[in-house]
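Right, one structure below, let's go through it.
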Amino acid sequence: MEELLFFVSALGALGGAVGVVAMRNPFYSVLALIVHLFSLAALFLLLTSAFVAAAQVVVYAGAVMVLYVFVVAYVGGGGESAWEPIPGQRFLAPLLGIALFVELSVAVLSSSLLALGEDGPDVPAGFGDPAAIGRLLLEKFLLPFEAASILLLIAAVGAIVLASNRRETS
Amino acid sequence: MNAEWFVVLSALLFATGAMGILIRRSPMVILLCLELMLNAGNLALVAFSRMVGNGQGQVFAVIVMVVAACEVVVGLGLIVAIFRRRLPLNVDDLRELRG
Amino acid sequence: MSATAWAWLVLLFPLLGSIVIALGFKVLPAKVAGAIGTISIGLAFACGVAALISLLGDEPEARHHASSLWDYASVAGLDIKLGIFVDPLSIFMVLVVTGVSTLIHLYSYGYMQSDEGYHRFFSYLNFFVFSMLLLVLAGNFVLLIVGWAFVGFASYALISFWYRRETATRAGMKAFVINVVGDIGLVLAAFLIFRELGTFDYGAVFERAPEAFTTNEWTITAICLLLLVGAFAKSAQLPLHTWLPDAMEGPTPVSSLIHAATMVTAGVYLIARTHVLFELAPTAADVAAFTGLATLLVAATMALVMTDLKRAIAYSTMSQIGYMIMGVSIGAYSAGMFHLMTHAFFKALLFMAAGSIIAAMANDQNIDRMSGFGKAMRFTSITFVCGALALAAFPGTSGFFSKDEILAFAEARGGMYLIFTVFGYVGALMTAVYSFRLVFRVLPGKPCPEAQELIDSGHVAHEAPKNPATGEPEDTDVGFPGPEHHIAEQSAPMRVAMGVLAFGAIFAGLVQVPGVDDVVTKFLDPVFEASALAHIHPSLEQDYVGLGIGGFIALLGIGIAYLLYVARPELPGKLETRLRPLHTLFVNKWYFDEAIDFLVVRPALAIGRFANRVFERVVVDGLVSGTEGTVRGAGGVVRAVQNGFVRSYALVLIAGFAGLALYFLLSSS
């Protein structure tokens, strides 16, 4: 059962990814990404990380993607061919991509990651719950938590500055 | 079903995102491919967290999401600003910073 | 105090004088500067006398002291000290140098009075005396070379004293360059000495040399020949003599001091000092002797036809130095030094008198325009005649005894050296002729306009200032001679100096009359004790015969001059026409200048041009621009990476990441 769910979600994720890269119209790319994100959420669920899955759907697919939709609607675009590499890099790009994948797979599948070959340990009941995550955030990872908040603040300020109607100083 | 598959899938997604950056010309799509890569990283993190048995990977993944959100905000703001100034939305044409 | 302490003082006073005058030239009034200069040399002379007395207090064998102030260079294998060497030879030279210098300073006090560069003159003059004393007192070859080089510089500074005159600066440069050639020889000789004997110190060198070298071995011959190069350059012997006549561009006191009494005698001193080495290399000594002889004769021929008063006296100097070089090369050390002393007296005197006459002629130096000064300037004429008598070796004068002593020694040594005696007498005849040629041309006869003006009004003639050699007009500001000309009759310091020298020129020979006394020889004996040659003494008979022949030749020469220039003035013209080729040769100074220009100057210029056109432009510039081009090209290549495409940057990033991952994969497997 789990395998089936895994393969379906994996296919979804992959398909979404390929769609992002291959679609001509950026709007369709955004939609493909949304599909990808939902598939990822399903994969998270498979890994008993409920909070992360929820956050993925709500924050990522919900808020970030809405941002993207707005901007794509505003900016428009599309009608260009999908593959427009820099001249001279025609073959390098796919080559590098494949090389990357191969290397990472080899790294993962080689013997040094033996531990991954079995099912993971039995996890306690509250694993992946918001409570567990919250406890970790506020106890062990307080500093990253605060730093992330400041980062959000900076991003918000930056966005306002970038988008403001600055008077042209000649 | 073990973490290997998840991590391999994550690698595949990462490679796809990387290739997308190299291939596409529109900054919008490049940003989307960046999202792909970030999410691939998230997947690997959560998979490892499950296999190791503590929630640290998940916390890391949440923070990554926060960072991704911030970066998207700024990136889209840039794109809007470029569009506003009627510059071509084409990463190849925006190349004044060069040697 | 010990002799060496006095000797250090001898060095100190002139140096102090030079520095004080140089630093205070704005504050010190002219007369004070002149007084400081003269007094400092006078003090040096006094200290020299004190050193002499102290030295005489020692036993004759122990009359050599070395003393050093500090270690100059003490590194691996080298041990050079700032040290002096006090022995009869150096004290003798010190006394001659300081004595004559004091008188010349006194003379300059009056002569240079209206010159704008008065302070500079005395500062340079003091520095020159210091350098000469350093040369003479040096205790090792390194300090000798230092003094040698300083003397060369001082000579340059003084010859081009009137620096706005182009002829003067060129003459100064010529002197300096030829001196440097000599310096090279001296330095190379010092290197060889160090290489063979391992030391620069006089005492050690002269001790080790007889053991280290066999006679006429090529190394010792090379050393001596290189020393000769230095000696010949400094003493203006053939072929390095061309600077001396041009050096007459300097003020007359300079000619008197440097080119009569002191600097040109440095070569003689050098050979006498290193006589140990020369006795081990008889070939080199013979080369020196023959060069001295050749110089003697050639210079005398040139002096016979010169029309510039100072240049004629300069050639006379060259000729007399030839005698001295000849003397010290064949072993007549004390005779050579004795002649050095007497020559210092009468030659300095001749230059001083010539300076007075030239001043009366408003700086014109051409004897063709001079006549009748015997009536116009009594004192100058008398001293001039005294100097000329000594130069011609008139019986009883100092030159008589000193010159004939050298020739008698050559005779006593016998064999090949008789050539020197014979040709020495030929040279003496020419010397007598040309010295009295000058006397009879300038002094008797109808007064020329300038002399007439002097007789009538007592004023020195005044003309628009001009360069005596080329005739171009000048002004009288700094860098040129001053507006006033000072003659001896109107200047007490000049009279005092000339008077003392005249006394010395006539009577100084009495210290070494054969058969009566030999002060100089006895004094210098300890220095030359170990030498085999120095102990050859002519017999009394040979001495007297020599004196007789010498006296006869002097009188003959004076007679010939009288005939040519007083009794039958038309004869010189006729002789000139008859012997025109010879005359041309002599007047053109045997074409030495032209030969050197052809052999040395032109090739040097050609090399310079080649270096510029080929080497500099092609090789050096090529290398530099080549490097520049390469760097620029490389920069261009590297710059191409920054092409502005975001995606290509991303490509590089990802490629790097892939590469890293590959590396880690491979290294961990």
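Take the residues in region C:239-250 that are out of contact with any Phe, Trp or Tyr (no Cβ under 6 Å at 6 or more places or on another chain) and part of a loop (DSSP other than H, G, I, E, B); name whichever of them is nearest to C:THR342 (Cα to Cα). Don't jump to the end; show me each part of the working.
Residues of region C:239-250 that are out of contact with any Phe, Trp or Tyr (no Cβ under 6 Å at 6 or more places or on another chain), as a first pass: C:239, C:241, C:243-249.
Pick out the ones that are also part of a loop (DSSP other than H, G, I, E, B) and you get C:239, C:241.
Details: C:PRO239: 25, C:HIS241: 22 Å.
Within region C:239-250, the match that is nearest to C:THR342 (Cα to Cα) is C:HIS241.
Find all pairs meeting these conditions: Cβ atoms under 8 angstrom apart; at least six residues apart or on different chains; first residue within region C:275-288 and in contact (Cβ under 8 Å) with a residue 40 or more places away in the chain; second residue part of a helix (DSSP H, G or I) and polar (S, T, N, Q).
Note: pairs meeting the criteria are C:PHE278/C:SER329; C:ALA281/C:THR221; C:THR283/C:THR221; C:ALA284/C:THR221; C:ALA285/C:SER329; C:ASP286/C:SER329; C:ALA288/C:SER329.
Within region C:450-482, track down each residue that is outside any loop (DSSP other than H, G, I, E, B) and within 27 Å of C:THR167 (Cα to Cα).
C:GLU450, C:LYS466, C:PRO473
When you go through (1) modelled with pLDDT under 85; (2) within 24 Å of C:ALA266 (Cα to Cα) one by one for C:ILE91, which number turns out not to apply?
(1)
Conditions tested, residue by residue: (1) at the interface with chain A (Cβ under 7 Å from one of its Cβ atoms); (2) farther than 19 Å from A:PRO94 by Cβ; (3) of a type in the set (Lys, Arg).
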| position | (1), (2), (3) |
| --- | --- |
| B:ALA3 | yes, yes, no |
| B:VAL7 | yes, yes, no |
| B:ALA11 | yes, no, no |
| B:MET19 | yes, no, no |
| B:ILE23 | yes, no, no |
| B:LEU31 | no, yes, no |
| B:LEU36 | yes, no, no |
| B:ASN39 | yes, yes, no |
| B:ASN42 | no, yes, no |
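Would you confirm whether any residue within region C:23-33 is part of a helix (DSSP H, G or I), crowded, with 17+ Cβ neighbours inside 10 Å and assigned by TED's automatic domain parsing to the domain that holds C:HIS485?
yes
Looking at C:VAL20, is it closer than 21 Å to C:VAL100 by Cα and surrounded by 17 or more Cβ atoms within 10 Å (Cβ to Cβ)?
Working: closer than 21 Å to C:VAL100 by Cα: no; surrounded by 17 or more Cβ atoms within 10 Å (Cβ to Cβ): yes.
In short, no.
Of the conditions (1) within 8 Å of chain B (Cβ to nearest Cβ); (2) modelled with pLDDT under 90, A:PRO87 satisfies every one except a single condition; which number is it?
Among (1) within 8 Å of chain B (Cβ to nearest Cβ); (2) modelled with pLDDT under 90, A:PRO87 violates only (1).
Can you tell me which residue within region B:63-94, out of those that are within 20 Å of the chain's Cα centre (by Cα) and more than 8 Å from every other protein chain (Cβ to nearest Cβ), is nearest to C:VAL646 (Cα to Cα)?
Across region B:63-94, the extreme among qualifying residues is B:ASN90.
Can you find a residue in region C:613-629 that is part of a helix (DSSP H, G or I), within 14 Å of chain B (Cβ to nearest Cβ) and either without any contact (Cβ under 8 Å) to a residue 12 or more places away in the chain or surrounded by 10 or more Cβ atoms within 10 Å (Cβ to Cβ) (or both)?
As a first pass, look at region C:613-629 and keep what is part of a helix (DSSP H, G or I): C:613-629.
Now restrict to residues that are within 14 Å of chain B (Cβ to nearest Cβ): none.
Scanning region C:613-629 turns up no residue that is part of a helix (DSSP H, G or I), within 14 Å of chain B (Cβ to nearest Cβ) and either without any contact (Cβ under 8 Å) to a residue 12 or more places away in the chain or surrounded by 10 or more Cβ atoms within 10 Å (Cβ to Cβ) (or both).
Which of the residues that make up region A:104-131 are at pLDDT below 80, among the aliphatic types (A, V, I, L, M) and over 13 Å from B:GLY53 (Cα atoms)?
Correct list: A:VAL106, A:ALA107, A:VAL108, A:LEU109, A:LEU113, A:LEU114.
B:PHE60: more than 7 Å from chain A (Cβ to nearest Cβ), among the hydrophobic types (A, V, I, L, M, F, W, C), closer than 29 Å to A:PRO94 by Cα and in a helix (DSSP H, G or I), yes or no?
Against the criterion (more than 7 Å from chain A (Cβ to nearest Cβ), among the hydrophobic types (A, V, I, L, M, F, W, C), closer than 29 Å to A:PRO94 by Cα and in a helix (DSSP H, G or I)), B:PHE60 does not qualify.
Could you tell me how many of the residues in region C:69-86 are of a type outside the set (Val, Ile, Thr) and crowded, with 19+ Cβ neighbours inside 10 Å? Reasoning before the result, please.
Within region C:69-86, the subset of a type outside the set (Val, Ile, Thr) is C:69-74, C:76-79, C:81-83, C:85.
Then keep just the ones that are crowded, with 19+ Cβ neighbours inside 10 Å; that gives C:81, C:83, C:85.
The number of residues fulfilling the criteria is 3.
Please go through region A:1-23 and pick out each residue that is in contact with a helix residue (DSSP H, G or I) (Cβ under 7 Å, 6 or more places away or on another chain), among the aliphatic types (A, V, I, L, M), surrounded by fewer than 18 Cβ atoms within 10 Å (Cβ to Cβ) and at pLDDT below 90.
Across region A:1-23, the qualifying residue is only A:LEU5.
Please determine whether any residue of region A:132-149 is facing chain B (nearest Cβ under 10 Å), at pLDDT below 90 and not in a helix (DSSP H, G or I).
Yes, some residue in region A:132-149 is facing chain B (nearest Cβ under 10 Å), at pLDDT below 90 and not in a helix (DSSP H, G or I).
Which ones in region C:377-399 are assigned to a helix (DSSP H, G or I) and surrounded by fewer than 24 Cβ atoms within 10 Å (Cβ to Cβ)?
Correct list: C:ARG378, C:PHE379, C:SER381, C:ILE382, C:VAL385.
Any idea how many residues of region C:39-80 are assigned to a strand (DSSP E or B), under 16 Å from C:ALA7 (Cα atoms) and touching a residue at least 60 places away in the same chain (Cβ under 8 Å)?
Residues in region C:39-80 being assigned to a strand (DSSP E or B), under 16 Å from C:ALA7 (Cα atoms) and touching a residue at least 60 places away in the same chain (Cβ under 8 Å): 5 in total.
Of all residues in region C:302-334, count the ones that are of a type in the set (Ser, Thr, Tyr) and at pLDDT 90 or above.
Selection size over region C:302-334: 6.
Grab the helices (runs of 4 or more DSSP H) fully contained in region C:515-579, keeping just those with 3 or more residues being more than 29 Å from the chain's Cα centre (by Cα).
Filter on region C:515-579 gives C:540-562, C:570-578.
Would you confirm, using the coordinates I've provided, whether C:PHE161 is crowded, with 20+ Cβ neighbours inside 10 Å, under 20 Å from C:ILE19 (Cβ atoms) and out of contact with any helix residue (DSSP H, G or I) (no Cβ under 6 Å at 6 or more places or on another chain)?
Taking the combined requirement at face value, the residue satisfies it.
Here is a check on your reading of the model: is B:VAL74 free of Cβ contacts under 8 Å to residues at least 12 places away in the same chain and either assigned to a helix (DSSP H, G or I) or among the aromatic types (Phe, Trp, Tyr) (or both)?
yes
For region C:29-47, which positions are in contact with a Gly (Cβ under 8 Å, 6 or more places away or on another chain) and at pLDDT 90 or above?
C:ILE36, C:GLY37, C:ILE39, C:SER40, C:ILE41, C:PHE45 - these are the residues of region C:29-47 that are in contact with a Gly (Cβ under 8 Å, 6 or more places away or on another chain) and at pLDDT 90 or above.
Which one of these is assigned by TED's automatic domain parsing to the domain that holds C:VAL254, of a type in the set (S, T, N, Q) and surrounded by fewer than 21 Cβ atoms within 10 Å (Cβ to Cβ): C:SER114, C:SER123?
Going through C:SER114, C:SER123 in turn, just one is assigned by TED's automatic domain parsing to the domain that holds C:VAL254, of a type in the set (S, T, N, Q) and surrounded by fewer than 21 Cβ atoms within 10 Å (Cβ to Cβ): C:SER114.
Taking C:GLY644 as the residue in question, decide whether it is within 30 Å of A:ALA93 (Cβ to Cβ) and outside any helix (DSSP H, G or I).
Yes, satisfied.
The values are calculated or read from the model by the stated rules, or taken from the named source; none is laboratory data. Please read these numbers as outputs of a predicted model, since none were measured by experiment. We place every Cβ from the backbone using ideal geometry, glycine too, and count neighbours over all the protein chains shown.
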